[in-house]
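Below you'll find the structure I mean.
The values are calculated or read from the model by the stated rules, or taken from the named source; none is laboratory data. Predicted model, so just to flag it, every value in this text is computed and none were measured. All Cβ positions, even for glycine, are placed from backbone atoms using ideal geometry, and neighbour counts span all protein chains on display. Side chains included, ligands, DNA and RNA excluded: accessible areas come from the protein's heavy atoms. Shrake-Rupley method; radii C 1.70, N 1.55, O 1.52, S 1.80 Å.
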Amino acid sequence: MPACDAEGTGKPLLRQGYAVQGGDFLAGGTVSTRIKDLLKEIGLSPALIRRAAICCYEAEMNVVMYARQGTMTVEIHPRELVIRVEDEGPGIPDVELAMQEGYSTATDFMRSRGFGAGMGLPNIRRNADLLEIESVVGRGTSLRAVIRLV
Amino acid sequence: MRSPTLRILPERCDGKMHCLRICPTQAIRIRGGKAVILEDRCVECGRCLQVCPHQAVVPQTEVFADLERLAYRVAVPAPSLFAQFPREYSPEEILQALSRIGFHEAVDTTQACEWVSWALREFLREYRGPKPLISSFCPVVVRLIQIRYPSLIDQLIPLKGPEEVAVEALRSKQGADSKRPRDFSAIYLTPCPARVPRPDEGGGENPVLAGAVSIRDLYNPLLTFLNHQPDAYRWPMPAMGRGLQWARRGGTGTALQGELWINASGINEVILVLEDIESGKLRDTDYVELWSCRGGCISGPLVVENFYLAYHKLMLLEQRKMQAPPLNMEQLRKWYQQGRFTVEHRPRAVAPPGTETDLAEAIARRRAREQAQSLFPMINCGLCGAPDCQTLADDVARGQAAVEYCVFHDRGHLQELKDIYRLPGRPEER
């Protein structure tokens, strides 16, 4: 993964935040759809929207599946798009392990809904230019994904 | 600039908003009491044509009588044609009637449908890209993806439609002894205003289809012959196969074995499914068949028969002991390897005008849209000429409308509307 420096630090051109409810499989995915519509409205290229949509959806579903609640914020900077997700939940004990393809702690119920194949975080890493995860067991997880626009 | 497939005749339009309210892509505005179509937003689904009580929306199909200018006319019937007539008329008789009303020959499109079903299976088997693959056989779905879901363009299946394949097969079969000239004119008999050949969209000097006539326009002449002249067949019996199923939803996937595939029909359903695909929800699905019309082509805007009855008749035809010869697998495989099923040009994204490429400008436009929207009552009355307040706000942000179009902000506009719609004042005002 190429290094990405000074990404998304200054004042964004646009910032939009959304609440994500843990355990709500019915509404799961609606926030990413709204972010996707926003990115379409401001005319990002289809390829970038596709990558951003995958990152948002995976991150949102992680909150839905594991956390009590969370927030998802999208920031548009002149040169990059930043997706932040912060949740209150169990946290991830071993982030490096969770990043491995196929590693999953999903329950049978989650799998029955078509999730939990252990591809969530790897999918985000593949589609973002930068992915940072900080997690405190018993408190929650914060995720920051950056996609370069130029 | 692409030629429009639907036009509104102003002399027939009374501006009463049937089309404005039903258009799934907000492509209609009322200006000066008349509906106009915004070509760059229109996906040509024909819902406006179906809903207009005055037939003010007209398709760009050929007038049947005008076909006489063409020397040798080959009918290319959409499979949905065969479900339009009373049950006692078989597909063979309907093809026979085509010969009586001015066609020299007809190709069996249903056989080509079977070939394409087979090609679809081959394509799915070899495909390794992002899923799901999306059917490209409904021109409205393709255009919808070009305009509103450009990120899904690469998932459109790059196969030709059966009508094209059928005509090309006929051309390649051309023998020296045939009375059919090389430059015969293939005429598509269409249930669909979007499925008409367009000289500005490839094909150049020799488009595959020379023209299209609507099934609606053919109905009366065909029925007249069916009722009066059931005489000997002039043509060899056609081989109606399983391809007839292409007339309805679910018909394209009949050759699939074990793939996870779904079908959805009706343009609003299609939009929901495309939203889901774009959000990544259907990525375990191999194939998604989509049709703009509620039951597939059999419920197209240019058909005649009641949809439910036509569906029933199609089912009866499908159950009939079919005479279709088995597929010539060797030939199909050869054609497939030669690329004869594959489209030459993939569709490209179409950006609506007024879409900035500059990010800061685009964000400013979004702010302007939100600001305009906060001024409007969000009751979607349509008096401004846009279908809803959000669309007016978007038009304002793009510089294509003014806040004063809203009657809440300009009573003068309300007075203009009273004049246009010739609304008499209440008794005390007169």
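At a 1.4 Å probe radius, carbon and sulfur cover how many percent of the accessible area of the protein assembly as shown?
50 percent
Can you show me the helix-derived [θ] at 222 nm for the protein assembly as shown, built from DSSP H runs with n ≥ 4 at -39,500 (n - 2.57) apiece and divided by the number of residues, rounded to the nearest 500.
-10000 deg cm²/dmol
Same structure again: Could you give the size of the charge dipole of the range A:1-111 about its Cα centre, using +1 on the Cβ of each K and R and -1 on the Cβ of each D and E, expressed in debye and rounded to the nearest 20?
Roughly 480 debye, rounded to the nearest 20.
Compute, for the protein assembly as shown, the length of the dipole vector about the Cα centre, with Cβ point charges of +1 (Lys, Arg) and -1 (Asp, Glu) only. Units Debye, rounded to 20.
Here the protein assembly as shown has a charge dipole of around 880 debye.
Quick one: what does P(r) look like for the protein assembly as shown with 20 Å bins over all Cα pairs, in whole %?
18, 44, 30, 7, 0
Using the Karplus equation 6.51 cos²θ - 1.76 cosθ + 1.60 (θ = phi - 60°), what ³J(HN,Hα) coupling, rounded to whole Hz, does each residue of the range B:140-149 give in order, writing x for Gly and Pro?
So the J values, rounded to whole Hz, are 5, 4, 4, 5, 4, 5, 4, 8, 10, 10.
Continuing with this model, one more query. With a cut-off of 8 Å between alpha carbons and a minimum separation of six or more residues, what is the relative contact order of chain B in percent?
That works out to 20 percent.
Give me the summed buried accessible area for the A-B pair, 1.4 Å probe, to the nearest 100 Å².
1900 Å²
Magnitude of the Cβ-charge dipole of chain B, K/R +1 and D/E -1, about the Cα centre, nearest 20 debye?
In debye, rounded to 20, chain B gives about 300.
Would you mind getting the accessible area per residue of the protein assembly as shown, heavy atoms of the protein chains only, 1.4 Å probe, in Å²?
With the other protein chains kept in place, the protein assembly as shown gives 48 Å² per residue.
Something else about it: Just checking the output field for A:32-39: average partner chain Cβ neighbours within 10 Å of each residue's Cβ?
Other-chain Cβ atoms within 10 Å of each residue's Cβ, averaged: 3.
How large is ³J(HN,Hα), in whole Hz, for each residue of the range B:400-408 in order, when computed from phi with the Karplus curve 6.51 cos²θ - 1.76 cosθ + 1.60 and θ = phi - 60°, using x for Gly and Pro?
Those phi angles translate into 9, 7, 10, 4, 5, 4, 6, 5, 5 Hz.
Pop out the ³J(HN,Hα) list for the range A:75-83 in order, Karplus 6.51 cos²θ - 1.76 cosθ + 1.60 with θ = phi - 60°, rounded to Hz; leave Gly and Pro as x.
Using θ = phi - 60°, the values come out as 10, 10, 10, x, 10, 8, 10, 10, 10 Hz.
Report, by chain and number, residues whose modeled amide H sits under 5 Å from the one on A:Leu130, excluding near sequence neighbours (fewer than 5 apart, same chain).
Residues meeting the criterion, in which the H sits 1.01 Å from N, are A:Val146.
Positive end of the charge dipole of the protein assembly as shown (Lys, Arg +1 and Asp, Glu -1 on Cβ, about the Cα centre): tell me which of A:Ser112, B:Cys192, A:Pro93 has its Cα farthest that way.
B:Cys192
Now a separate question. When we measure straight from the Cα of A:Lys11, which aspartates and glutamates land under 17 angstrom away, once same-chain ones fewer than 8 places off are left out?
Result set, ordered by chain and number: A:Glu75, A:Glu80, B:Glu361.
Further, regarding this structure: Would you mind giving the three semi-axes, in whole Å and largest first, of the ellipsoid equivalent to the range B:84-211 according to its Cα gyration tensor?
30, 18, 17
Turning to a different aspect of this structure: Sort B:77-90, B:367-380, B:285-298 for me by packing, meaning the mean count of neighbouring Cβ atoms within 10 Å per residue, highest on top.
B:285-298, B:77-90, B:367-380
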